[in-house]
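Following: one structure in structure tokens, then a few remarks.
Each value in this text was obtained by applying a stated rule to the coordinates, not by laboratory testing. Please read all numbers here as calculations on a predicted model, not as lab measurements. As a convention, Cβ positions derive from the backbone with ideal geometry for all residues, glycine included, and neighbour counts pool all protein chains shown.
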């Protein structure tokens, strides 16, 4: 009865189980709403940290503040939607989970759409919150490049020295390390994160990537983290330059992360996960634990959670 009460389910006389009138029956809708909200939370904290550093001109934080903002935003996002959607918050993660059979392909459009909406709305929210600060900083001239550029508050752009090929490799490698780390943290037969510490562990992984692989191009490592805010800035006044800047950089964080995600998860699976020794615990006549195929719940799989 306590568990039912905690889940928002009430008992009336006669033992009849009732649910709130607004309870959504459709799993697709519930998953989509949770994924949208946790992505929104992650992006709002992350983009807000960038806005504060840029408009504050160093008075309210430095590059590490941005790393911490996204890392803690990821951790909070997992708390918001982890047990409902898995809190992917990242199209590369969703695509990788589908590739390795941890998420049904039919669910992929739901995740991608929810993440896109969440990131787009988060960009709009941060623009509204920091509207006056942004315009005071840039003098009302919304530019993508230059000393007072502000488009980088919302989407990622490469460093001036970075070529498209080097940037593509940068994004593939960064996302590969993300998924490799997530696979390791969730591997129950290796050294997984302690129960209850998963959001913090994923946040620390994102922080590690930011402080080691972030300077080349802002470590998007997530298609929807980049394209949603980029589309918003194009609409909000920065114009088509957001797609032309960096020699047409916009497609790199859209295409490279899914490739890197599959490579990173596949590398961990090929070199570690597939080679765990058999568990000597008989489950039945002639069967051992490694012989039993267990269906994984994609919504509650810790490896699903990421930036």
Under the 7 Å Cα-to-Cβ spin-label approximation, residue 275 and residue 165 lie apart by a distance in nanometres of 3.2
Per the 1/(1 + (r/R0)^6) rule, R0 = 41 Å and r from the Cβ atoms of residue 191 and residue 129, FRET efficiency to 0.05 is 0.55
Once fully extended, how much extra length lies between residue 136 and residue 24, figured as 0.36 nm per residue of separation less the alpha-carbon to alpha-carbon distance?
35.9 nm
Euclidean distance between Cα centres, region 188-214 to region 53-67, Å:
24
Determine, for each peptide in 227-234, 273-280, 161-168, the mean count of other beta carbons within 10 angstrom over its residues, then list the peptides with the highest first.
227-234, 161-168, 273-280
Share of Cα-Cα pairs in region 107-264 lying beyond 21 Å, as whole percent:
51
Once every Cα of region 55-188 carries one equal point scatterer and solvent is ignored, give the base-10 log of I(q)/I(0) from the Debye formula at q = 0.11, 0.13, 0.15 Å⁻¹, two decimals.
-0.54, -0.75, -0.98
Evaluate the distance, in nm, between pseudo-label points positioned 7 Å from the Cα of residue 267 and of residue 83 along their respective Cα→Cβ axes.
3.4
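What's the exposure ranking of 221, 134, going from fewest to most Cβ atoms within 10 Å?
134, 221
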Stretched out fully, how many nm does the piece from residue 63 to residue 215 gain, at 0.36 nm a residue minus the Cα gap?
53.8 nm
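Just rank 241, 147, 170, 136, fewest to most, by other beta-carbon atoms within 10 angstrom. Don't skip to the end; give the middle numbers.
On the way: 241 15, 147 6, 170 26, 136 11.
So the ranking, lowest neighbour count to highest, is 147, 136, 241, 170.
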How do 203-210, 184-191, 81-88 rank on mean C-beta neighbours within 10 Å, highest first?
81-88, 203-210, 184-191
For Cα pairs less than 8 Å apart in space and 6+ apart in sequence, what is the mean separation divided by the residue count of region 46-172, i.e. the relative contact order in percent?
23
Relative exposure of 132, 198, judged by other C-beta atoms within 10 Å (fewest first):
132, 198
Rg in Å to one decimal, and Dmax rounded to a whole Å, for region 113-172 via C-alpha atoms:
14.2, 37
Between residue 108 and residue 241, what length in nm is gained on full extension when 0.36 nm per residue of separation is reduced by their alpha carbon distance?
44.9 nm
